[in-house]
Amino acid sequence: MIIEGLVTTLDPGGRLNVAPMGPIVHGDFQRLTLRPFQPSTTFTNLTTARCGVFHVTDDVLLIARIISGTLTESVQTEPARHVSGQVLRHCCRWFEFTVDSV
């Protein structure tokens, strides 16, 4: 199954990156296969930090604004609980993850 959502990652300086992503979901969200473009900020952050947060959201305007590059304000986040990352405050569900392989 593929589900569309948003991935947040942090660069080495702690700057937040939010990117649309449609990972392949294995099992009951036990494993995700992410396929970020190379080179991209998401790919670079994931290979460096080896963790992130995948968000399921019904905020299609947020997704559209991120895709179109028209998001001008910061998104509201809070620290993730288990990885060095950020969770979007207004999402339906999120999954903190670590990268097993690239």
- Matching residues in the range 45-102 - criterion: being of a type in the set (A, V, I, L, M) and in a helix (DSSP H, G or I): Leu46, Ala49, Val60, Leu61, Leu62, Ile63, Ala64, Ile66, Ile67
- Does the range 4-13 contain any residue that is modelled with pLDDT of 90 or more, surrounded by 10 or more Cβ atoms within 10 Å (Cβ to Cβ) and over 15 Å from Trp94 (Cα atoms)? yes
- Message: Could you list, ordered by first residue, the pairs with Cβ atoms under 7 Å in which the first is in the range 35-47 and over 13 Å from Leu16 (Cα atoms) and the second is β-branched (Val, Ile, Thr), at least 6 apart or interchain?
- Response: Pro36/Thr42; Thr47/Val102
- Among the numbered criteria (1) modelled with pLDDT under 95; (2) under 13 Å from the mean Cα position of the chain (by Cα), which single criterion is violated by His26? (2)
- Is it fair to say Thr98 is open to solvent by 80 Å² or more (accessible area, probe 1.4 Å), under 21 Å from Met1 (Cα atoms) and modelled with pLDDT of 95 or more? yes
- Residue selected from the range 28-55 under the condition farther than 17 Å from Ser101 by Cβ and of a type outside the set (D, E, K, R), by the criterion most open to solvent (accessible area, probe 1.4 Å): Phe37
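The values are calculated or read from the model by the stated rules, or taken from the named source; none is laboratory data. The model shown is predicted, which means the values in this text are computed figures rather than measured ones. Don't worry about glycine lacking a Cβ; one is built from the backbone with ideal geometry, like all the others, and counts go over all protein chains shown. Please note that ligands, DNA and RNA were not included when accessible areas were found on the heavy atoms of the full protein model with its side chains. Shrake-Rupley method; radii C 1.70, N 1.55, O 1.52, S 1.80 Å.
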